Every structure is written in structure tokens, then in C-alpha cells.
1. Run the reach check for residue 359 against aspartates and glutamates, Cα to Cα strictly under 13 Å, same-chain hits fewer than 8 apart removed. What comes back?
2. In whole Å, what is the distance between the alpha-carbon centres of region 116-139 and region 147-196?
3. Past 24 Å, Cα to Cα: identify those pairs from 19/204; 204/301; 50/204; 50/195, in the order given.
4. Could you check how much of the accessible area of region 284-380 is carbon and sulfur, as a whole percent, using a 1.4 Å probe?
5. What distance in nm separates the simple spin-label points at residue 334 and residue 166, each placed 7 Å from Cα in the Cβ direction?
6. Using 1/(1 + (r/R0)^6) with R0 = 35 angstrom and r between the beta carbons of residue 130 and residue 62, what's the FRET efficiency to the nearest 0.05?
7. If you count only protein heavy atoms with a 1.4 Å probe, what accessible area per residue comes out for region 9-137, rounded to a whole Å²?
8. Just grab the label-to-label distance for residue 230 and residue 357, each label 7 Å out from Cα along the Cβ direction, in nm (one decimal).
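The values are calculated or read from the model by the stated rules, or taken from the named source; none is laboratory data. Since the model is a prediction, treat every value here as computed from it, not as a measurement. Cβ placement follows ideal geometry from the backbone for every residue including glycine, while neighbour counts extend to all protein chains displayed. Surface accessibility is based on the protein's heavy atoms, side chains included, excluding ligands, DNA and RNA. Shrake-Rupley method; radii C 1.70, N 1.55, O 1.52, S 1.80 Å.
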Amino acid sequence: MAGVLIIGSTGSIGENTLKVLEQHAEEFSVAGLSAHSRWQRLVEQALAYKPQFVHISEEHFDRVKEALSGSGIEVLCGWRELVEAPARPEVEVLVSAIVGVRGLEPLLTGIRHKRRVCFANKEPLVSAGELVMREAAASGCILLPIDSEHSAILQCIQGEAHEDLRRVILTASGGPFRLASRVEFLGAGLEQALKHPTWSMGAKITIDSATMMNKGLEIIEACWLYRLPEISVGVLLHPQSIVHSMVEFRDGSVKAQLGLPDMRIPIQYALSWPRRLELEMPVPDWAAMGALEFAEPDTDKFRSLTIARECSRLGGAYACVMNAANEAAVARFLEGGMPLGRILELVEDELAAYSGQHKSLEELIELSEDIQHRVRSRTS
């Protein structure tokens, strides 16, 4: 059995990963679980799945240690312990599902130790795509995306030559503001923005979906993962969320991956790739479904797409700046008191002010932290 470490086990991706592992106890074991603040849920998971170790933030270490006393489960805490966890010998598969650029360092540890790296967080590739892909090439590690769009692309290109790809098309639900006016979108509040029409996700990615910054991040991610220029990555609105992405080939044919909007499908595909394991999952009722709709996104309203494309074209650390500013701006929005459109204004302010060269891991992390601090500290 392959030992799986889930970083971010108490979030949506982590919980769904555990559901998948339950169905395949003969294939996988839970080697480790990590959470940041939801220590009670981490304890519940640990007692249910019996990992060899768990990791929690220092703030909650004593509580978890006491709750798991006598269980035989090792309790770790501290940032260095988390960064080094993927290198532990009992770990063969890393599922990285924590929000933000802080997932970059443990992801790189998994890559360098040639683990099966299944990642749901877009930020490491967006912020440090050149570094991550260079490390993956050096170790021979294969990066397996968990998000539905990039999983769909991966499934569509199996058995295909790279030179035969013409374009990939990422689909997007359009979130809660697909039909809203630009004015309604810019002035929207927290309650409106958290009402995603098709997916159940964490708060940060739900807000990214509302602004379509998630699709901007995915454009940059696709460029790195599939070695494509930004112009070869398209986006279409698809409110039914049944077609998860498409690939166009140079002979004019198109492949698409379809399925119900359930994260267990891409999670299991990453865990079992290149095989497909049985999954207790309903399939769409095609006859009852009716039409599948597609439309071009309104880039005047969803200008996050334009921002992301420009960052991809500029290269360097511009995508890191965009990601860090967005992460901090979303955190401010979730605290309440500012309209949704202010998120993109804060991102644009940081990009306009940026000039410099940041290439090393340490430089990128410092840059990201500085920008986040500045955005969080602004009084307007």
C-alpha cells in the first residue's frame, strides 16, 4: 500500500481525499495528516484513519498531543517539520491542499524526494513555476494536478504527442456573477460572493471563483504544466460545470473530459494515474440534462483574466506579485468591509508598483510575504 500524506487534511480537498482512500484501502494507507487550526477535526481524522503521524500549528500542539495520547500517533508541529514531512520514509504520495504560497516549500520537498506529488493548490506553480518545473525535471518527479480543469487536460492528452496540441480550453462556471452587470459585480458583498452555483469549496477559492481570479491562476498554471504559451490557453464560461476542460488538436479534433462537479474524480485520478480505479460515483443523466452552454467571458467585468495573461507574458516574478496581492486582498474581503471589486484594484496597485528581479526560492517567498503584509496593512 502506498502511504499518503495529506497537507491540508481538514479542508474540502483533504476531506474528499480521505473519502477516496476509504474506497481503496487495499491500494493506499494514510501515512500522515496535517492541518493548521482545525485541531479538533484533525484529532477526529487521526483516530479514524490511524496515520503514523499528524502535524498541527504550534498554537494547538499541546491540545492535539493530549487528545492523541496513547494512540501511538506521532504529533509534529512547527514549520520546518511540515516542510520536511514529505521526505519521511513512510510517505510515498503527497497530496498538497493548503491555500497560498506557503504550500511551495513542502511541495518542493516532495518533488526533490521523487514522491507522487498530487497538488490542489495553484499558487506554487503560479508564484514559482520556473523553479518548480526545473526541480521536477531534475528529480524525474511527475506533477499530477487535482483541480478539475487541469486534471481534465491531463486526461485528454494521454497518448497524444505534444506537438499535436493546438490549444487547451479551460471551462469556468462564471461563479455567482456570470450574469451580473459590471457595476453589480464590483459592488458585491461577502454573502453574495460566497454563493457559488455549482461547486462546494473553501472560502478563498470561492472568492477567487467569484472574481474569476481562479481561472487567471489556472491560465498561468496550464502554461507551466503543459508547456504552452499564454495565447494557447483559452477560457470559456460553462455554467453547467459538466465539461471540465477541452483540448484542441492540430487536425481540428477536440477532446473533452466530462463528469459531475465532484472533486473526488480528479483526486482519485491523480492518486491512481495512469490507471483508473473504481469509484462509487453517479454519472450524468445525459437525456435529462438538456443543453450544455458555452460563452466567452466578459473581460471588462472579469479583468482578472487580463491581469493574469499580462503577468504570464511579462514573466519573471509578476505572477508571484499578482498571487500574493490577491491572497492578501481576498483575506481582507473575507474579513468584511470592502466591495468585491476592491480585490482587483489592490492587485493592480501592487503590479503597477513592482519592479525588480526575484528568482530564488527565498527571494520569491520574501517578496510574497512583503506584498501580503503591505496589502493587509493598507487603510483603504
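1. 130
2. Result: 21 Å between the Cα centres.
3. Details: 19/204 22 Å; 204/301 20 Å; 50/204 29 Å; 50/195 35 Å.
In this structure, 50/204; 50/195 exceed 24 Å between Cα atoms.
4. Numbers: 2350 of 4890 Å².
Percent of accessible area from carbon and sulfur atoms in region 284-380: 48.
5. The modelled label-to-label distance comes out at 4.1 nm.
6. On the way: r = 41 Å, r/R0 = 1.16.
Once the sixth-power term is evaluated, E becomes 0.30.
7. Working: 5320 Å² over 129 residues.
So region 9-137 comes to 41 Å² accessible per residue, rounded to a whole number.
8. Label at residue 230, label at residue 357, 2.1 nm between them.
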